[in-house]
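Each remark here refers to the structure printed beneath this line.
Bear in mind these aren't lab numbers, they're just calculated from the coordinates by the rules spelled out. Predicted model only: the values in this text are computed from it and were never measured. Neighbour counts run over all protein chains shown; Cβ positions are idealised from the backbone, glycine included.
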């Protein structure tokens, strides 16, 4: 790495912060791209003529801001820019991604008939011995696996078996004259099980955000329950 003379030890701005700003500028200009490996601590120390603790403070702040990712034994890498997604999901995943200039795609993992959970029977007003349709889909943002969606449907949704579930569910429901009304949303932190880790290409036990939505139609009739687990490394939510 070339020696940099832009660090001013007499500035009111701490030297580690100056390095953060310089590296952030390189990221913004595309000189450092997602996946690029940062120079070693020793190389950065020499390039900026600062101490190891200054370099470590700068890298720690970049990591806290989600701009770099440290990999033990491999080094520090420029992180991919996180997609922004509304926590108030009123338009659906596909359209929300489109609003942010991102491409959302889908892979259907499973479509099957299952027995409902106790929560399903209470919310969807169905009997325990009645089977319900369950769909599981892996959602991608710009070809990166980002979310797993598992839906449990109430009565009258068997038509979904004949639909292309790689498309927007909201669009499919509208085609069948089903308009979503109010939904009850809860949020909690969970940890990836083996299947989730495999689908999202992360380590088992990594923290995920779980959204549970209980959807109703415009008249307040319960329609389906949707559980979505999001990879926190690849997405930001705004309220």
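Take the Cα of residue 113, step 7 Å along the line toward its Cβ, and report every residue of region 143-172 whose backbone nitrogen sits under 11 Å from that point.
158
With no solvent and one equal point scatterer placed on each C-alpha of the chain, evaluate the Debye formula and give log10 I(q)/I(0) for q = 0.07, 0.09 Å⁻¹, two decimals.
The Cα Debye sum returns log10 ratios of -0.34, -0.51.
Give me 48, 191 sorted ascending by neighbouring Cβ count inside 10 Å, so fewest comes first.
Numbers: 48 23, 191 13.
So the ranking, lowest neighbour count to highest, is 191, 48.
Between residue 33 and residue 98, what length comes free when the chain is fully extended (0.36 nm per residue of separation minus the Cα-Cα distance, one decimal in nm)? Don't jump to the answer; show the numbers that get you there.
Working: separation 65, 0.36 × 65 = 23.40 nm, distance 2.28 nm.
The span from residue 33 to residue 98 would gain 21.1 nm if fully extended.
So how far, in whole Å, is the C-alpha centre of region 197-235 from the one of region 125-191?
Each part's Cα centre sits 10 Å from the other's.
Within a 10 angstrom radius of the beta carbon, how do 97, 134 rank from fewest other beta carbons to most? List each step's numbers first, then the result.
Values: 97 23, 134 19.
Placing the least packed residue first, the sequence is 134, 97.
Grab the Cα-Cα distance for residue 176 and residue 77, subtract it from 0.36 nm times how many residues apart they are, and report the gain in nm with one decimal.
31.0 nm
Arrange 56, 182, 72 by Cβ neighbour counts within 10 Å, fewest through most, would you? Could you put the intermediate results ahead of the total?
Working: 56 14, 182 11, 72 5.
In order of increasing Cβ crowding within 10 Å: 72, 182, 56.
Can you give the helix-only mean residue ellipticity at 222 nm for the chain, where every DSSP H stretch with n ≥ 4 adds -39500 (n - 2.57) and the sum goes over all residues, rounded to the nearest 500 deg cm²/dmol?
-7500 deg cm²/dmol
Take the Cβ-Cβ distance between residue 236 and residue 167 as r, set R0 to 35 Å, and report the resulting FRET efficiency rounded to the nearest 0.05. Working shown, then result.
Values: r = 25 Å, r/R0 = 0.72.
The computed FRET efficiency comes out at 0.90.
How high is the relative contact order of the chain, in percent, counting Cα pairs under 8 Å that sit 6 or more residues apart? Present the calculation step by step, with values, prior to reporting the outcome.
On the way: 402 pairs, mean separation 37.8, N = 239.
It comes to 16 percent, rounded to a whole number.
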